[in-house]
Amino acid sequence: MKYGEEIIANFDVEKDLEIWPNEHKRDYIIKMTLPEFSCLCPRSGYPDYATIYLEYTPDERKLKPKWMKLTADFNPRGNVHTVIEIDSRTVIK
């Protein structure tokens, strides 16, 4: 197993995820940009590349944000530019 695969396989949310308390109990938005996302197209098998934008408002519990928006901005391939956006406020439950 490669070292990255080993880290992912052995990751324990309770032990390895660092959490900082929200001392002032205020809502705020955390924004992250992941500019080197790569995956394989499920239809063609060709590689796809994207920039992932993640925004969220944390809650008191781990991995349960109050609000989250994920945007995947895929690089054009075959003259098609695709942007996929998911916003927890607009998801039908």
Notebook entry, point to check: Out of region 6-18, which residues are open to solvent by less than 90 Å² (accessible area, probe 1.4 Å) and either closer than 15 Å to Leu63 by Cβ or in a loop (DSSP other than H, G, I, E, B) (or both)?
Noted result: Asp12, Val13, Asp16, Leu17
Item checked: Qualifying residues in region 55-74 (those that are touching a residue at least 24 places away in the same chain (Cβ under 8 Å), under 24 Å from Ser38 (Cα atoms) and surrounded by 11 or more Cβ atoms within 10 Å (Cβ to Cβ)) - the one farthest from the chain's Cα centre (by Cα) -> Phe74
Next item on the list: For residues that are open to solvent by less than 100 Å² (accessible area, probe 1.4 Å) and under 13 Å from Thr57 (Cβ atoms), scanning just region 19-31, find the one that is nearest to the chain's Cα centre (by Cα).
Entry: Ile30
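The values are calculated or read from the model by the stated rules, or taken from the named source; none is laboratory data. Computed from a predicted model, the values in this text were never measured in an experiment. Cβ: placed from backbone, ideal geometry, glycine included. Neighbour counts: every protein chain shown. Accessible surface areas use protein heavy atoms only, side chains included; no ligands, DNA or RNA. Shrake-Rupley method; radii C 1.70, N 1.55, O 1.52, S 1.80 Å.
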